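Worksheet: one structure, shown below.
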Amino acid sequence: MTKKIHKVIIIGSGPAGLTAAIYSARANLYPLVFEGIQPGGQLTITTDVENYPGFPQGIMGPDLMDLFRKQAQRFEAETCFQMVDKVDLSNRPFKIFVDEEIYLAETLIISTGASAQLLGLQSESKLMGHGVSACATCDGFFFKDKKVLVVGGGDSAMEEATFLTKFASSVSIVHRRDKFRASKIMQDRALKNPKIDVIWNSTIDEMLGDPESGGLTGVILRDTQSDELSELNSDGVFLAIGHKPNSELFQGLLAMDDNGYIITNSNSTQTSVPGVFASGDIQDKVYRQAVTAAGSGCMAALDSEHFIENQPLD
């Protein structure tokens with residue numbers, strides 16, 4: 001019995017993967033989407049999304065992703081809440097291994113995203129979306145006239161701190177060392193801003209507050225030199241200690257940069273393997289927004305459709 005070959009298989013289910021599913025389904029390619037263990041990607045840990053076009057009153061992150069999914073399913077995309085174990089990209093059709101099953105794909109769209117690096121505190125997990133955030137451009141608006149902290153010492157931390165001064169009354173950068181690793185120009189921009197101060201040689205030991213009663217209220221700081229603990233009131237904590245692309249599955253199979261982001265061709269979502277495309281935060285380390293991820297998901301679907309038309313399997 002000949003095994004079914006899917007025209008398009010999509011790995012990942014954030015805005016990129018589900019938009020790719022919508023466009024592929026509309027093209028009658030009947031995509032199969034493996035959503036993984038966190039269906040909807042990073043937006044599922046985002047409470048209010050107010051910058052996605054078409055929702056003037058805002059929308060909850062999980063609700064937005066549910067709408068994406070329902071729209072894809074309306075056009076007969078098949079979605080599965082399963083993890084892909086490994087892939088074989090050596091020949092077309094590509095092989096996708098899920099549990100004990102092998103799925104065949106004429107084209108593959110990778111939309112596995114990137115995960116914000118976190119401190120690993122239980123209180124951080126509990127308060128994520130309730131005063132704790134890993135995206136200033138996503139959530140800064142909610143902190144008008146509030147006192148916030150930014151954790152980090154690289155360019156991202158400087159950029160996020162500077163951005164937050166548009167909204168917050170004060171921004172304190174918490175850094176575990178006595179100097180930043182950020183570029184000189186980014187440091188200068190942040191340090192010259194009158195709204196920004198720096199808490200050197202410190203880490204956050206605990207985050208205080210309850211998501212049911214107003215969210216974050218403050219943090220416990222640990223001095224990295226004396227080991228002393230101190231409490232600091234704060235309305236928000238923004239984590240800017242980097243992102244990690246979820247690309248382990250494709251290590252050694254696709255061209256990546258030094259940080260593990262999948263490299264795509266200029267003006268295309270095509271990867272180093274013909275017929276394999278990448279969209280969203282797995283290949284975008286600059287913008288990392290839901291709307292840009294959705295746009296690149298559309299691009300990947302169009303690219304895969306053109307690839308199938310021009311290079312059909314024998």
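General observations
- Scan of the stretch 200-221 for residues that are closer than 15 Å to ILE173 by Cα and crowded, with 18+ Cβ neighbours inside 10 Å, ordered by number: SER202, ILE204, GLY218, VAL219, LEU221
- None of SER266, SER230, SER234, SER226 is touching a strand residue (DSSP E or B) at 6+ places or on another chain (Cβ under 6 Å) and surrounded by fewer than 16 Cβ atoms within 10 Å (Cβ to Cβ) except SER230.
- Test for GLU106: is it touching a residue at least 12 places away in the same chain (Cβ under 8 Å), within 21 Å of HIS243 (Cα to Cα), of a type in the set (D, E, K, R) and buried (at least 16 other Cβ atoms within 10 Å of the Cβ): no
- Answer residue from the stretch 9-20, given it is within 18 Å of the chain's Cα centre (by Cα) and of a type in the set (A, V, I, L, M) and is nearest to HIS306 (Cα to Cα) among those: ALA20
- The residues of the stretch 253-312 that are in contact (Cβ under 8 Å) with a residue 12 or more places away in the chain, of a type in the set (D, E, K, R) and part of a helix (DSSP H, G or I), listed by number, are ASP281, ASP303, GLU305.
- Residue match in the stretch 11-28 (condition: in the same structural domain as GLY275 (by TED's automatic domain parsing), in contact with a Cys (Cβ under 6 Å, 6 or more places away or on another chain) and aromatic (Phe, Trp, Tyr)): yes
- Of all residues in the stretch 105-153 being among the basic types (Lys, Arg) and assigned to a loop (DSSP other than H, G, I, E, B), the one that is nearest to ILE199 (Cα to Cα): LYS146
- Looking only at the stretch 11-45, and only at residues there that are modelled with pLDDT of 95 or more, surrounded by fewer than 23 Cβ atoms within 10 Å (Cβ to Cβ) and among the small types (Gly, Ala, Ser), the one that is farthest from GLU101 (Cα to Cα): ALA27
- Residues in the stretch 154-185 that are in a loop (DSSP other than H, G, I, E, B), small (Gly, Ala, Ser) and at pLDDT below 95: GLY154, ALA182, SER183.
- Taking residues in the stretch 163-182 that are not assigned by TED's automatic domain parsing to the domain that holds SER226, and partners anywhere that are buried (at least 17 other Cβ atoms within 10 Å of the Cβ) and modelled with pLDDT of 95 or more, not one pair has Cβ atoms closer than 6 Å while being at least 6 places apart or on different chains.
- Within the stretch 51-89, considering residues that are aliphatic (A, V, I, L, M) and part of a strand (DSSP E or B), the one surrounded by the fewest Cβ atoms within 10 Å (Cβ to Cβ): MET60
The values are calculated or read from the model by the stated rules, or taken from the named source; none is laboratory data. From a predicted model like this one, the values you see are computed outputs, not experimental measurements. Neighbour counts run over all protein chains shown; Cβ positions are idealised from the backbone, glycine included.
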